[in-house]
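The values are calculated or read from the model by the stated rules, or taken from the named source; none is laboratory data. Just so it is clear, the model here is predicted, and its values are computed rather than measured. Virtual Cβ from ideal backbone geometry, glycine too; neighbours counted across all protein chains shown.
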Amino acid sequence: MRILSTIFCIDASNYKDAIDSILDSYNHVLKERDGTSVRMYSDLPEYNRLKDELLTVGVEVKELRRVEFSKKEFESALLLALYPAYQDLNPYSEEPDKYFSVSCNECNAYINQTNDLMIRKSSVGNRDFLMSWESELLISSKIKRLFDAHSVTGISYRPVYTKKDIQEIAYQLVPLNELPPLQTKLIPAIDCSNCGFKSYGKSMDSVLSYRIGAWDNYKDLNYTSEYFGEGYFPRRKIIISQLVRQILISAKVRGIRYEPIFI
């Protein structure tokens with residue numbers, strides 16, 4: 001596991017020659033360079049030196065950091081968070097009340113599902129995984145058959161329909177097993193004083209982790225006890241077993257990414 005930092009030079013046009021000269025001397029340790037923005041690993045000794053040199057000549061820098069996992073960490077993780085690469089950004093307007101009820105009228109968090117989802121057929125296409133506008137994980141009938149064939153545990157489904165002709169075109173993945181609280185230090189996102197609903201965020205350079213023994217009763221499909229995100233649709237993270245990851249890899253399923261869970 002390494003932290004990959006993207007360093008942005010602010011007001012670069014005023015210091016272009018100085019920035020170019022400094023960055024040129026670090027080309028050998030940069031993972032990527034795009035004009036006056038660079039990517040490099042934060043564990044390199046040159047990482048702090050580069051930032052210090054830029055600050056010394058008056059260049060303001062900002063950073064975006066994320067975790068980059070090794071192949072070994074992906075392969076050895078018992079559990080992993082699952083994220084679809086594509087989210088439908090074309091909702092049916094002003095209809096969240098059709099599918100969900102709010103936790104309360106203060107936080108307006110639509111977390112209690114009351115009806116099966118509908119989605120445009122064009123949004124589904126040939127995708128095996130996608131996230132709905134409401135941040136629910138949807139899968140194709142191909143993936144459902146795959147999970148059923150391998151007797152994946154801790155899983156249930158809800159049908160997803162089109163609106164035009166009420167045709168079943170996908171399935172909403174609904175894990176049944178709730179994991180204990182995470183050990184990861186989280187950032188409060190929603191803390192409703194009226195109903196008590198809470199949701200969280202986490203920094204991009206932190207990892208999801210549990211205490212040793214906390215997940216002894218995990219299933220192939222699980223969800224976090226914590227909700228994540230702001231706005232109308234905070235959601236729990238879906239956590240899968242290594243078995244599910246291997247099933248998807250063997251079937252050459254694309255359009256998803258994984259995040260190893262640590263203890």
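Counting just the residues of segment 1-19 that are of a type in the set (Val, Ile, Thr) and closer than 30 Å to Lys72 by Cβ, which one comes out farthest from the chain's Cα centre (by Cα)?
Ranking the candidates gives Ile7 first.
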In segment 22-48, residue surrounded by the most Cβ atoms within 10 Å (Cβ to Cβ) [restricted to those that are more than 32 Å from the chain's Cα centre (by Cα) and assigned to a helix (DSSP H, G or I)]: Ile22
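A quick yes/no check of all residues on (1) over 30 Å from Leu243 (Cβ atoms); (2) of a type outside the set (D, E, K, R); (3) modelled with pLDDT of 90 or more:
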site	(1), (2), (3)
Ile3	no, yes, yes
Tyr15	yes, yes, no
Ala18	yes, yes, yes
His28	yes, yes, yes
Leu79	no, yes, yes
Leu89	yes, yes, no
Hits in segment 76-127 - residues which are touching a residue at least 40 places away in the same chain (Cβ under 8 Å) and charged (D, E, K, R): Asp88, Glu106, Asp116, Arg120, Lys121, Arg127
Residue under evaluation Tyr232, criteria (1) within 29 Å of Glu95 (Cβ to Cβ); (2) within 15 Å of the chain's Cα centre (by Cα), criterion not met: (2)
Looking only at segment 49-70, and only at residues there that are closer than 27 Å to Val207 by Cβ and in a loop (DSSP other than H, G, I, E, B), the one that is nearest to the chain's Cα centre (by Cα): Phe69
Residue count for segment 121-164, restricted to those that are within 19 Å of Ile249 (Cα to Cα) and among the small types (Gly, Ala, Ser): 4
Given (1) closer than 17 Å to Pro84 by Cα; (2) surrounded by 15 or more Cβ atoms within 10 Å (Cβ to Cβ); (3) among the small types (Gly, Ala, Ser), index of the condition Ala189 fails: (1)
Residues being at positive phi and part of a helix (DSSP H, G or I) - total across segment 1-21: 0
Criterion: aromatic (Phe, Trp, Tyr) and either modelled with pLDDT under 90 or not assigned by TED's automatic domain parsing to the domain that holds Tyr223 (or both) - qualifying residue of Tyr83, Tyr47: Tyr47
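Just to confirm my filter: which strands (runs of 3 or more DSSP E) fall fully inside segment 194-263 and include at least 1 residues that are surrounded by 15 or more Cβ atoms within 10 Å (Cβ to Cβ), without any contact (Cβ under 8 Å) to a residue 60 or more places away in the chain and among the hydroxyl-bearing types (Ser, Thr, Tyr)?
198-201, 221-228
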